[in-house]
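The values are calculated or read from the model by the stated rules, or taken from the named source; none is laboratory data. Everything numeric in this text was worked out from a predicted model, so none of it was measured. All Cβ positions, glycine included, derive from the backbone under ideal geometry; neighbour counts span all protein chains shown.
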């Protein structure tokens, strides 16, 4: 028997997993990190977020560093939203093919069924990314934004119903059938993925609360986002407690090591939801919170995120995860879960610095202390950009496979 090397498709095509939706999610998250430049550095009088006209004003009359920041942000948003949409479309096509395989049927009967929730999670992120693109690149969008909010809420509700349908199938199966859930394979935080998906829907539904001037729209946004946000918290609490018990008994599943840090993006998303809700309560219903209260809330969230980040890094270092699955030759779709915590820390640091420290007048905006702390947020962002590009090369480049030539008998 002789062997030859023949070109093949990407590794992701050869061994598909719904976790590849996280490749789309990570790209969308990076687009949000670039939007933070505009959100907190560009003046936007008259509306709570920067829009196309604000950016053009900076490019016309701003300082050179501010002009450079706006250009970098616009290019970054355009590139990563494009990558986000491209990877989402690829995943839907790959998932459609995957559904006709035996592996898919096995997945629907195992703990890994919840990986299907990566689909609604990434889709909700894409809707958020689309809104950012509209703000940044579409002139006069704010003049029609009140018409867009109801449509956006309907879109997020549809994604939420999709998520609930998948969760319902999973919980209905494991709770109604004895022995359908394998506790020995529950030794990671992989089961928090449904909570993450619901939280992404919640933060999308909370956007009109922060930006709409219509009291009815704000009220509906507050109620719907609270429903999905609280449901995400309940699911996360149940899944994390049971998972931690299994990890203490069986150790952490090696390939699922990155899921130990899924708490980090989950809290960033829920934190932004709460900030948006607080703004809506203030603007529409005269409910006033202080800057110091916002600072403490963000500080508590950031503390929990740092603790779980350190825990995840400790376990993955002990298990040599990075040397095998990031810098080595082994491939795991779950590696894309590493992008979410870094992106989430970058975004949360921007909010902590600007809404927390600057808002409470502890530091001055654009002071030396401001830029020292912001450099940390930027460092997380650019490290995650490098990670995404590396993982994409590993998983989506054409890989050679060995084919065998069997001689005639």
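Numbers at a glance
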| quantity | calculated |
| --- | --- |
| Count of region 102-147 residues which are farther than 30 Å from residue 188 by Cβ and part of a helix (DSSP H, G or I) | 15 |
| Residue check for residue 71: touching a residue at least 60 places away in the same chain (Cβ under 8 Å) and either within 22 Å of residue 265 (Cα to Cα) or in contact with a helix residue (DSSP H, G or I) (Cβ under 8 Å, 6 or more places away or on another chain) (or both) | no |
| Selection within region 314-330 - buried (at least 19 other Cβ atoms within 10 Å of the Cβ) and under 12 Å from residue 394 (Cα atoms) | 325 |
| All helices (runs of 4 or more DSSP H) inside region 294-409 with 1 or more residues being modelled with pLDDT under 95 and either touching a helix residue (DSSP H, G or I) at 6+ places or on another chain (Cβ under 6 Å) or closer than 24 Å to residue 32 by Cβ (or both) | 321-325, 368-396 |
| Any hit, region 250-259, residues being surrounded by fewer than 18 Cβ atoms within 10 Å (Cβ to Cβ), in contact (Cβ under 8 Å) with a residue 24 or more places away in the chain and outside any helix (DSSP H, G or I) | yes |
| Qualifying residue in region 236-246 (condition: in contact (Cβ under 8 Å) with a residue 24 or more places away in the chain, under 28 Å from residue 130 (Cβ atoms) and assigned to a helix (DSSP H, G or I)) | yes |
| Number of positions in region 115-127 that are surrounded by fewer than 24 Cβ atoms within 10 Å (Cβ to Cβ) and under 21 Å from residue 175 (Cβ atoms) | 1 |
| Condition met for residue 165 (exposed (fewer than 15 other Cβ atoms within 10 Å of the Cβ), in contact (Cβ under 8 Å) with a residue 24 or more places away in the chain, over 30 Å from residue 48 (Cβ atoms) and out of contact with any helix residue (DSSP H, G or I) (no Cβ under 8 Å at 6 or more places or on another chain)) | no |
